[in-house]
Amino acid sequence: MKNSATELQDEVEVDDFKPLTAQEASAWRQRFPQVSVWRIVWVQAVVGAVVALIAWLVTGRASVGWSAAYGALAVVIPAALFARGMARQRPGDAGSAMVRIFGWELVKLVLCIAMLAAAPKLVPNLSWLALLAGLIVVMKTYWIALLVRSGVRKTEA
């Protein structure tokens, strides 16, 4: 017996679900082509190099540039490891796929934290501000890469 409004709403939403036809699915794939994760990692690496170069040029201190570069690497290296781990996975059921994603995400976070903890010993004259700038800019790059990805066709309403 369904008494609550939430249960009734859930039933209505299930009744409204309509799978895509083959044509609709094909049109959707053409409109939203798959983005290579390696392309995003590559863009992050390039942005990290640009941030490090700008930090060095603006301050005139190489240590600031190296700090920004290390901050960028603290994002790029774990992201590349995550991408490699996910690319090597074989298709399976949804439950095991989610466990793999969470497992690789945990590896990525632990590696990033370890790299940040090791920064004072690895980067001479470390500038934490530059390191954080490199880290944050590169971390946000993948959102920009997804938003401006080539090949997405806009529809006119």
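Listed from fewest to most Cβ neighbours within 10 Å, the set L126, L53 follows the order L53, L126. For segment 36-147, the relative contact order works out to 44 percent when only alpha carbon pairs closer than 8 Å and six or more residues apart are counted. Coupling constants for segment 63-80 follow from the phi torsions by the Karplus curve (6.51 cos²θ - 1.76 cosθ + 1.60, θ = phi - 60°), and in residue order they are 4, 5, x, 5, 5, 5, 5, 5, x, 5, 5, 5, 9, 5, 5, x, 5, 5 Hz; glycine and proline get x. Couplings for segment 23-28, taken from phi via the Karplus curve 6.51 cos²θ - 1.76 cosθ + 1.60 with θ = phi - 60°, read 5, 5, 5, 5, 5, 5 Hz in order; Gly and Pro are left as x.
From the Kirkwood radius over Cα pairs of segment 36-147, Stokes-Einstein at 20 °C and 1.002 mPa s returns a whole-number translational diffusion coefficient of 146 µm²/s.
Would you kindly state how much longer the chain becomes between A114 and L81 on full extension, computed as 0.36 nm times their sequence separation minus their alpha carbon distance, in nm to one decimal?
On the way: separation 33, 0.36 × 33 = 11.88 nm, distance 1.41 nm.
In short, 10.5 nm is gained.
Rank the residues T59, T141 as a footprinting-exposure proxy: fewest other Cβ atoms within 10 Å of their Cβ go first.
T59, T141
A short reminder: the numbers here are calculations on the coordinates, not readings from a lab. Note that the coordinates shown come from a computational prediction; the quantities given were computed from them, not determined experimentally. Cβ sites come from the backbone with ideal geometry, for glycine too, and all protein chains shown count toward neighbours.
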